[in-house]
1. Need the failing condition index for residue 22 against (1) surrounded by fewer than 17 Cβ atoms within 10 Å (Cβ to Cβ); (2) assigned to a helix (DSSP H, G or I), just the number.
2. In the stretch 35-63, what count of residues is obtained for those that are open to solvent by 40 Å² or more (accessible area, probe 1.4 Å) and more than 25 Å from residue 140 (Cα to Cα)?
3. Restricting attention to the stretch 332-352, report how many residues are open to solvent by 50 Å² or more (accessible area, probe 1.4 Å) and either in contact with a Ser or Thr (Cβ under 7 Å, 6 or more places away or on another chain) or within 24 Å of residue 274 (Cβ to Cβ) (or both).
4. Residues 280, 320: which one is among the small types (Gly, Ala, Ser), at pLDDT below 90, in contact with an Asp or Glu (Cβ under 7 Å, 6 or more places away or on another chain) and within 22 Å of residue 490 (Cα to Cα)?
5. What number goes with the only condition from (1) under 28 Å from residue 326 (Cβ atoms); (2) free of Cβ contacts under 8 Å to residues at least 24 places away in the same chain; (3) touching a strand residue (DSSP E or B) at 6+ places or on another chain (Cβ under 7 Å) that residue 402 does not pass?
6. Which ranges mark the strands (runs of 3 or more DSSP E) fully within the stretch 175-250 that have 3 or more residues being open to solvent by 30 Å² or more (accessible area, probe 1.4 Å) and either hydroxyl-bearing (Ser, Thr, Tyr) or farther than 26 Å from residue 445 by Cβ (or both)?
7. Look through 248, 270 and report the one residue that is modelled with pLDDT of 95 or more and among the charged types (D, E, K, R).
Amino acid sequence: MASTRKRLGDLLIESGLLTDEQLMSTLKDKPRDQRLGDALLQRGYITEQQLIEVLEFQLGIPHVNLFRYPFDPKLFNVVPKGLAKQKMIVPLKRDGDKLFVAMADPMDYNTIEDLRLSTGFHIETAIASKDDIVRTITRYYDDELFDDIVFDEPEPQAEQQQEELVDNDSPIVRLVNQIISSAVSMKASDIHIDPQEHQVVIRFRVDGKLHTERVLPKHMQSMLIARIKIMGNLNITESRIPQDGRIKITIDFRPIDLRLSTLPTVFGEKVVMRILDLSSSLNDLAKLGFGPTNLKRFLEEIEKPNGIILISGPTGSGKSSTLYAALNRLNDEDVNIITIEDPVEYQLEGINQIQVNNNVGLSFATGLRSILRQDPDIVMVGEIRDKETVEIAIRASLTGHLVLSTIHTNDSVASISRLLDMGVEPFLLTASLNAIVAQRLIRRVCRDCGTRQPATQREQEIFAKRGMTIEAVNRGAGCPACNMTGYRGRIAIHEVLLINAEMREAINNNMSPSVMREIAERSATIFLIDDGLEKVKQGITTTEEVLRVALIE
């Protein structure tokens with residue numbers, strides 16, 4: 001008697017990974033040609049690892065972990081790189097006339113048949129995650145590229161160098177493309193090229209942490225940096241002063257924007273490329289990590305007709321993403337939104353964006369003056385850096401405009417002190433300032449290897465100090481999906497300070513930051529530490545991550 005195979009949705013519900021409501025809403029909204037598994041992944045209801053485990057049970061096809069798999073390098077010649085990338089397959093091993101391959105979709109029978117015809121082997125399949133396969137292709141197929149050039153003859157002739165820097169098939173061009181592609185596949189936010197005395201170190205920042213990706217010989221430094229400069233339209237003959245540029249590139253059919261910065265150091269020019277993935281820019285405020293109370297307060301503030309809303313935090317704390325998400329929500333055909341930024345990170349449809357250019361005298365202050373003559377409803381200033389900019393922003397808010405901006409301070413109360421230090425009159429500040437949002441990014445516990453553990457004595461003390469209790473916390477053991485770190489992805493924690501009547505009085509009377517903090521506490525402000533600890537209780541992050549970015553009083 002033939003056994004009936006259970007449907008994927010039923011298996012996910014039985015294993016407690018999915019609710020009936022989530023399944024029904026996904027089935028209702030997904031396009032007809034999209035597979036259920038892909039639709040669930042897209043909505044974030046399940047992780048790829050969870051899907052693989054259920055498919056393994058449903059299909060009876062084994063799951064393989066590629067993180068430390070003993071690959072046979074000869075097999076990479078059997079399956080070409082183009083086919084491996086296009087079809088998401090990696091050759092594992094050969095046994096007689098059988099070729100074992102790992103696939104992201106082991107039900108893709110057309111690819112299996114194409115492989116059988118092109119290789120002459122009988123194909124046996126296993127399931128692996130897409131991220132695992134992409135990492136493997138990047139690591140093993142592209143290692144051959146490094147074999148070609150790392151031990152190449154040092155310093156080619158000048159004419160030959162010029163040709164190599166623009167020839168798409170030259171090793172140095174392929175090397176730079178591979179570095180960028182590898183960083184994008186690992187979801188890195190920055191690529192650092194660090195020249196040292198005897199070598200060049202390539203580092204990626206993934207989830208806020210830098211790690212060394214590759215080490216290249218010193219003789220490749222000048223060619224590598226010259227190629228990157230050509231891509232960013234920088235002056236390749238100038239290496240004594242810092243330069244800034246922009247690179248637009250398409251990787252795997254996705255538009256990627258790179259902000260490029262060079263800096264002269266004693267061992268040569270250091271290059272940092274900030275990766276802006278235009279296809280994955282967050283445009284939904286609800287997905288940024290705001291708690292229910294903070295989200296409600298923030299939405300009420302951005303929907304006011306005038307006033308200033310500031311977002312504070314250090315570099316790399318996600319301030320721009322929050323601003324863009326707010327603008328995206330406010331963006332409507334009946335409002336005129338103008339921004340002035342340095343640089344314009346994401347281009348938004350229907351919004352007029354201005355790029356600061358100090359070389360021609362277009363600073364934040366001069367640009368903001370001109371914006372006010374353009375009949376705007378909402379103005380976004382990339383950053384408040386000086387007294388002149390903040391005074392024009394105040395004038396704009398007092399004449400009926402909503403002004404959104406960022407400021408580099410540690411928390412919301414410190415932003416008030418910083419504005420007063422700039423020389424702003426307290427009465428002008430209280431008349432215009434509506435709210436200050438402090439923000440930090442913390443790493444999420446990996447959903448695949450996260451396990452509940454009893455809270456330590458120290459954790460219980462930290463929670464008790466903030467009037468909270470904790471019994472168990474979520475911690476990641478480390479798995480291939482998170483590169484053995486226990487964390488995967490990031491989420492923001494927030495502190496939304498509303499400038500109420502009591503706070504305005506404190507600012508006008510030049511009260512100390514500690515008094516302002518007490519007022520904020522009486523107004524039921526959720527501080528960064530409290531928002532972070534709440535996310536620890538929900539199992540999203542760890543206490544260590546919260547304490548890394550927020551101070552406990």
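1. Going through (1) surrounded by fewer than 17 Cβ atoms within 10 Å (Cβ to Cβ); (2) assigned to a helix (DSSP H, G or I) one by one, residue 22 breaks only (1).
2. Final tally of qualifying residues: 10.
3. Step one: of the stretch 332-352, the residues open to solvent by 50 Å² or more (accessible area, probe 1.4 Å) are 332-334, 342, 347, 349-350, 352.
Now restrict to residues that are either in contact with a Ser or Thr (Cβ under 7 Å, 6 or more places away or on another chain) or within 24 Å of residue 274 (Cβ to Cβ) (or both): 342, 347, 349, 352.
The qualifying residues number 4.
4. Criteria check complete, one pass: 320.
5. (2)
6. Values: elements: 188-195, 199-206, 209-217.
It comes to 209-217.
7. Details: 248 fails: modelled with pLDDT of 95 or more.
270 is the lone residue from the list that is modelled with pLDDT of 95 or more and among the charged types (D, E, K, R).
For every residue, the table says whether it meets (1) more than 29 Å from residue 542 (Cβ to Cβ); (2) among the hydrophobic types (A, V, I, L, M, F, W, C).
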{"site": "382", "(1), (2)": "yes, no"}
{"site": "398", "(1), (2)": "yes, yes"}
{"site": "422", "(1), (2)": "yes, yes"}
{"site": "426", "(1), (2)": "yes, no"}
{"site": "458", "(1), (2)": "no, no"}
{"site": "471", "(1), (2)": "no, no"}
{"site": "477", "(1), (2)": "no, yes"}
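The values are calculated or read from the model by the stated rules, or taken from the named source; none is laboratory data. Remember, predicted model here, so these are calculated numbers, not experimental data. Quick reminder, even Gly has a Cβ in these numbers, built from the backbone with ideal geometry, and neighbours come from all protein chains shown. Side chains are part of the model used for accessible areas, which takes the heavy atoms of the whole protein and leaves out ligands, DNA and RNA. Shrake-Rupley method; radii C 1.70, N 1.55, O 1.52, S 1.80 Å.
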